[in-house]
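Quick one: this structure, given as structure tokens, is what I'll be asking you about.
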Amino acid sequence: MLQHLSIQNFTIIKQLDLEFQMGMTVLTGETGAGKSILIDALLLALGERGDSKMIQAHCDRCTITASFNIKQLPDAQQWLAEHDLVVDDDCQLRRILTRDGRSRGYINGQVVPLQLLRELGGILISIHGQHEHQTLLKTDQQRILLDNYADHDALVKEIAQVYAVWRKTQEKFQTLTAESQQREARLELVQYQVKELAELALQENEVAELDKEHRQLANAENILASTQNAIHLLAEMEEGSIISSLGKVQNLLAGKNDLDAKLTNATELLNSAAIQLEEAVAELSNYSERIDLSAERLHWLEQRLSAIHEMARKHRVTPAELFGLQQRLSEELQTLLTSSTRLEQLQQEMDASIAKYKTIAQKLSKSREKTAKQLAAEIEKSIRQLGMPGGHFAITCETTATDQFSAHGLDRIEFQVSANPGQPLQPLAKVASGGELSRISLAIHVLTAQKDATATLIFDEVDVGIGGGTAEIVGRLLRKLGGAAQVLCVTHLPQVAALGHQHLQVGKTISADHTETEVRELNKDAKIKEIARMLGGIKITEQTLAHAREMVDYEH
């Protein structure tokens with residue numbers, strides 16, 4: 001429910017803070033006092049279009065803040081959760097307009113696009129009375145009202161879920177079907193590529209290992225010659241080999257460290273060098289005996305590497321990337337080979353979804369048709385009490401073609417009305433009279449309010465064109481509706497105003513340089529005076545006050 005409305009610098013409202021109660025709240029006042037301005041301000045907070053002309057003169061900005069309690073509104077709580085906004089029992093919508101034309105919207109203090117304000121606003125409040133705010137004129141809303149009245153929540157959710165599954169499966173099927181048109185050509189190419197790569201039989205990391213071995217074999221003769229020359233220089237020269245020369249040096253210093261201990265370190269190093277040289281010669285000899293000089297192996301390596309490089313060039317990859325390409329092509333081949341099977345599976349899944357969908361849709365259609373007759377009869381009875389004695393009302397349930405699926409079933413629901421005898425039934429959207437449309441809306445919402453997800457209903461001058469006993473009936477319906485939902489009603493009729501649980505009087509103060517709207521909540525005495533004003537003419541008499549008192553004191 002709407003708890004609080006704060007308005008700053010909006011048209012002729014400087015500062016206004018209003019607290020609202022549950023039940024039926026009436027707004028009254030002289031013509032031109034600004035009753036509709038309050039509704040316009042609330043609409044702005046709910047995301048309706050605004051411009052800088054709405055800002056009070058000599059001000060830079062206007063701010064509208066609407067606070068709601070959504071403890072009993074699970075749809076609003078779910079919507080907030082789905083949009084990652086703060087979910088609590090209280091919810092605040094704020095709108096700021098600035099003189100430079102900028103507009104900002106907030107939900108629970110977080111900046112949001114105006115579209116989100118409008119979406120949430122549609123869940124929180126339903127406004128009736130002016131054509132541009134009539135959600136009831138939309139056939140989608142008419143279907144929702146009928147489903148809510150019939151307790152179709154479970155069926156509607158189930159058919160929406162089945163529809164979503166079917167749509168997702170259909171999209172997969174269509175995508176795979178489109179791909180399959182090029183599948184044969186691609187399959188032939190991939191099969192050929194996989195076959196030739198399989199014949200190459202490339203192993204993981206094989207290219208690096210082949211390169212390493214090829215470098216060794218290609219340089220084997222040079223390595224062998226260098227190894228043998230090194231052995232010759234170290235040990236095999238007839239005169240002056242390194243080892244023999246080192247032996248001579250060792251002989252020259254032999255025993256000298258006994259004479260001078262300072263030579264000990266040098267002598268030990270020479271002895272160690274001699275041992276290491278002997279070991280190096282042994283290692284070189286063993287290596288030269290084991291070195292592979294196979295020309296056949298070298299030739300095979302060169303052919304193998306050539307084949308690999310040629311295949312890599314063909315596929316426009318490096319030799320090192322060839323193995324990974326082979327794996328990817330093999331996986332693609334498996335996908336192509338199984339795509340026909342997948343198409344058959346998807347078709348079976350679609351057929352199953354369609355069968356389930358039709359079963360639920362038929363059940364939903366039968367229930368809608370049955371409930372439509374009942375609801376239409378009750379609405380017709382109600383509108384005849386509301387100044388439309390010859391009115392007729394019907395709800396049509398037209399079942400669309402069984403292949404024209406939607407998330408809400410196969411039915412097109414439309415409210416139709418004939419306001420006067422002899423006139424044919426026409427869609428509700430074609431009703432010309434705003435007053436008739438408002439009263440029809442009132443009748444519908446009184447009957448469906450117990451199951452309506454919207455907790456706050458606003459009726460802007462639903463009493464246009466009626467009076468007398470009909471006006472009292474309108475008031476009673478609104479008060480009855482106030483027992484199930486929060487009702488805000490802008491009215492000119494004392495019969496309606498007298499039945500409000502809360503009464504707000506809108507007035508206007510005029511000074512030399514500005515005009516300002518003010519609103520005050522009336523106590524019982526003030527309410528009686530306001531009802532008397534609405535009943536009387538220029539002068540309010542004691543008789544008028546007595547009549548007003550009688551209307552207010554009436555046991556509702």
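What's the total number of residues in region 140-178 that are in a helix (DSSP H, G or I), loosely packed, with under 14 Cβ neighbours inside 10 Å and acidic (Asp, Glu)?
Of the residues in that region, 3 qualify.
Any residue in region 368-390 that is under 17 Å from residue 445 (Cβ atoms) sitting within a Cβ distance under 6 Å of a residue that is part of a helix (DSSP H, G or I) and not β-branched (Val, Ile, Thr)? List the pairs, counting only those 6 or more apart or interchain.
Between residues of region 368-390 that are under 17 Å from residue 445 (Cβ atoms) and residues that are part of a helix (DSSP H, G or I) and not β-branched (Val, Ile, Thr), the close pairs are 375/149; 378/447; 379/443; 382/443; 383/443; 386/439.
When region 304-336 is examined, which residues are found to be buried (at least 18 other Cβ atoms within 10 Å of the Cβ) and either of a type in the set (Val, Ile, Thr) or not in a helix (DSSP H, G or I) (or both)?
308
Take residue 284 and decide whether it is surrounded by 16 or more Cβ atoms within 10 Å (Cβ to Cβ) and in contact with a Ser or Thr (Cβ under 7 Å, 6 or more places away or on another chain).
For residue 284, the condition - surrounded by 16 or more Cβ atoms within 10 Å (Cβ to Cβ) and in contact with a Ser or Thr (Cβ under 7 Å, 6 or more places away or on another chain) - is met.
Can you tell me which residue is modelled with the lowest pLDDT among those in region 216-231 that are surrounded by fewer than 15 Cβ atoms within 10 Å (Cβ to Cβ) and not hydrophobic (A, V, I, L, M, F, W, C)?
221
What is the number of the single condition among (1) among the β-branched types (Val, Ile, Thr); (2) surrounded by fewer than 20 Cβ atoms within 10 Å (Cβ to Cβ); (3) at pLDDT below 80 that residue 473 does not meet?
With (1) among the β-branched types (Val, Ile, Thr); (2) surrounded by fewer than 20 Cβ atoms within 10 Å (Cβ to Cβ); (3) at pLDDT below 80 applied to residue 473, the lone miss is (3).
OK, next. Taking the condition surrounded by fewer than 22 Cβ atoms within 10 Å (Cβ to Cβ) and at pLDDT 80 or above, does residue 494 pass?
no
Another one. Of the conditions (1) touching a residue at least 60 places away in the same chain (Cβ under 8 Å); (2) touching a strand residue (DSSP E or B) at 6+ places or on another chain (Cβ under 9 Å); (3) β-branched (Val, Ile, Thr), residue 123 satisfies every one except a single condition; which number is it?
(2)
The values are calculated or read from the model by the stated rules, or taken from the named source; none is laboratory data. These numbers come from a predicted model, not from an experiment. Note: ideal-geometry Cβ built from the backbone for every residue, glycine included; neighbour counts use all protein chains shown.
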